[in-house]
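Remarks on the structure that follows.
Read-outs throughout are calculated quantities, based only on the coordinates presented, and are distinct from any laboratory measurement. Computed from a prediction, not measured in an experiment: that's the story for all the values here. FYI the Cβ positions are ideal-geometry reconstructions off the backbone, even for glycines, and counts take in every protein chain you see.
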Amino acid sequence: MESTVQGRVVEFTRRELVDIMFKDPVKNWDRKGQNLQEIIISKTNCPPDNQNATRYKVSLFLNKIKSKYLDAGRRKDLFYKRHSAWLNLKEMFPNYAALPGPGRPSSSFDVVGERSKRRKVAHLGETASGNELSFAAAMTYRKEGQSDKAKAISKISSASSVKLKSYMSSFSSDNNCLTPEEALCVLLDAQLSVYQYNVIRQAATSRFPSYKKVLDVKKLCYPNENAISASEKHVQVALQDLLDHTCTRLALVCKEVFLSLENDTITDLKLHIKWGIDGTSGFTEYKQKFQDASGSDAAMLVTCMVPIRLVGNISIQKDVIFWQNNRPSSPRFCRPIQLQFEHETTERTKQEMMRVEGEIHNLRPTNIEVGTKHFAISHELYFTMTDEKICNAVTDTSSTQRCYICKKTSSQFNSIAASRQAPVDNESLRFGLSILHGWIRMFECLLHVSYKLPVSKWRVTKPQDKLVVEETKKRIQQEFKTKLGLIIDRPKPGYGNSNDGNTARRFFNNIEISAAITGVNKNLIHRFHIVLMTHSSGFDIDTKKFDIYCLKTAVLFVKLYPWFNMPTSVHKILMHSSIVISHALLPIGLLTEEAQEARNKDIKRYREQYSRKCSREMTIRDVFNRLLVTSDPFISSMRKLPIKKIKVLPCEVTEMLLPFNVQRMDTESSYTERDSDSASEFSD
């Protein structure tokens, strides 16, 4: 190790210290740390009286190394790639050999200890009384412009003993009181109403701030008031104002990072965002009249966006990540753009897409200020939070049995060679892969194969064949309920059917049982699962390897079940995944639509529990405000993340992933948990 001695400090790069740890032949981690402490003590000529402080500083550094090493799955190569920028920073220790001896210069009053302070002011107490000293202190603070401190000293010095006890009680309670931001996090995490919060506060007044202070913090979670417009049927915010507010709040999250780079030039900051449109139904119809006789509150069309990543350049380093949304499939950062009580029709969907894209075209960079620095953040938006219905609507694909990318129909999907050679619509590649719906559709594909497996026919027209298919379906439903507790293919009023993402994941996670129940080829189920996990990994994918894997999977499907026409979603995933991934600027797993799908449930709950019912306009506005608060970047970054078990990717998936080579400069705590609110995210 080649340490650098510069005057009174000894500098080590973090990479040098990590190399010592890894090269140490001792296997025990604690012993490795003790050896590193001894090396640093030796290099810094640390005397015995100061060795405890040095050991403590080294132990804090060792904890960071261990956390990041575990985060990388105990893989040294991944550890070095993922934390390259962090490893290039320096750790500094005092060079005790270069410190001056006796006769050091006198330190200022603010930095010396309590004993030295008493010694410095001893002569003042000998010539003046307590009242004189407090009056002089108040006068001095007033001259310095600190009138609040002057008033506080004057009040305390003239207060009675009873009043002093009250002051002391308030001082001690303030130390335990939550900040308004922390109290808001508690209110959101516990899903408290205003009444419930005030009831809890009455039992712990010293712990919780008044709701008025919490309300002031909530107002900071809203964009400019003039940017939000509402009526009885819709509420929306101007996209420019929403992005400006989002960037401003993200700047508070990244403040520590920006200030730590005061000597570096930060340029080309860009916020990557995904957005989408989705329809949801099953709303309770309220007994309130609409001004428009055709109005209905049974269904809603929702437009949302999710910030994914803030990237920029630092001096010569390109594409450095300053902030990363570690839960891109969670609704935590899912911000509303518009809510409207309309059914999801083709015409309405196209109108909304054109409206938002018109605003995107006119966007300007957001100017923010952090300390003495000024930055301009540009915005890159991806229309990827979509499902098959939305994609068909915006591409004018009238049939659900037709692929909106290559325009082939389901009767042609089993011809693999023709599907490979078919020209694709490059404009449709920007809509992503609808990963959540991919899990469900591939699961349903295998289910429908299993239902018809006894008759091996695509079209079941004969009564006896229909009876066999129906009996097979009932048997499979019953066995899944008995063996895995899953409810398969059951209709749910207002929610389609019981086949959701969690059901699909449990099906693929129990391949042996699923294959035994359905009779579907186990290898095919496994290959479908590998394809879906690769999509959902959140890492960059080697499109050549992945394309070959998908092609072999498609060939296997057609070989095993030539009588079953491949569904449109399965065709899109197996035939077009690689080209869609190659056109995406971010890993395809970050562009999933799960956040918006989860938001639909929140909207129903907020409308029922957290909105005023005095008018329709107030109701929808309250829902919109609640969505803004729960997705605020600053508040969401403070909220505690639920602990989830990290899932390890199979070797077949990791072999199709590209090395992670992007520099990171976000806060150390923001990337330690790679688990996600969504079960579709994985870590290696």
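Listed values, structure above:
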read-out	value
Burial ordering of Asp622, Asp148, fewest other beta-carbon atoms within 10 Å first	Asp148, Asp622
Selected from Ala85, Gln51, Ile20, residue furthest toward positive end of dipole (the stretch 4-94; charges at beta carbon)	Ala85
Likely footprinting exposure, Val356, Val460, fewest C-beta neighbours within 10 Å first	Val460, Val356
Candidates per trypsin sites (Lys or Arg not before Pro) in the stretch 510-615, loop by DSSP, up to 11 other Cβ within 10 Å	Arg612
Tilt relative to the chain, helix 194-203 - C-alpha long axis, 0 to 90 degrees, to 10	40 degrees
Cα-projected label distance for Asn88 with Met354, points at 7 Å along beta-carbon direction, nm	4.8 nm
Rounded to 10°, Cα long-axis angle of helix 543-560 versus longest principal axis of the chain	30 degrees
Whole-Å semi-axes of the ellipsoid equivalent to the stretch 501-646 (Cα gyration tensor, √5λ, descending)	39, 19, 16
Value in Å of the Kirkwood radius, where the stretch 4-94 supplies the Cα pairs that are averaged	13.7 Å
Formal net charge of residues neighbouring Val235 (Cβ-Cβ distance under 11 Å; K, R +1; D, E -1)	0
Dipole of the stretch 223-365 [Lys/Arg +1, Asp/Glu -1 at C-beta], most positive-end residue of Val306, Thr345, Pro328	Pro328
Burial ordering of Cys177, Cys651, fewest other beta-carbon atoms within 10 Å first	Cys651, Cys177
Loop sites in the stretch 249-291: GluC sites (Glu not before Pro), DSSP, at most 16 other Cβ within 10 Å	Glu262, Glu285
Kirkwood hydrodynamic radius of the stretch 490-562, Cα pairs, Å	14.0 Å
Around Val555: net Lys/Arg minus Asp/Glu count, Cβ-Cβ under 14 Å	+3
Helix 51-71 axis, angle to the chain major axis (alpha carbon atoms, nearest 10°)	10 degrees
Convex hull volume per residue for the stretch 412-590, taking Cα atoms only, in Å³	130 Å³
Space enclosed by the convex hull of the alpha-carbon atoms of the chain, per residue, Å³	228 Å³
Mean-position separation - Cα centroids, the stretch 300-345 and the stretch 433-460, in angstrom	32 Å
Cα-based equivalent ellipsoid, the stretch 266-361: semi-axes from gyration tensor eigenvalues, Å	37, 15, 9
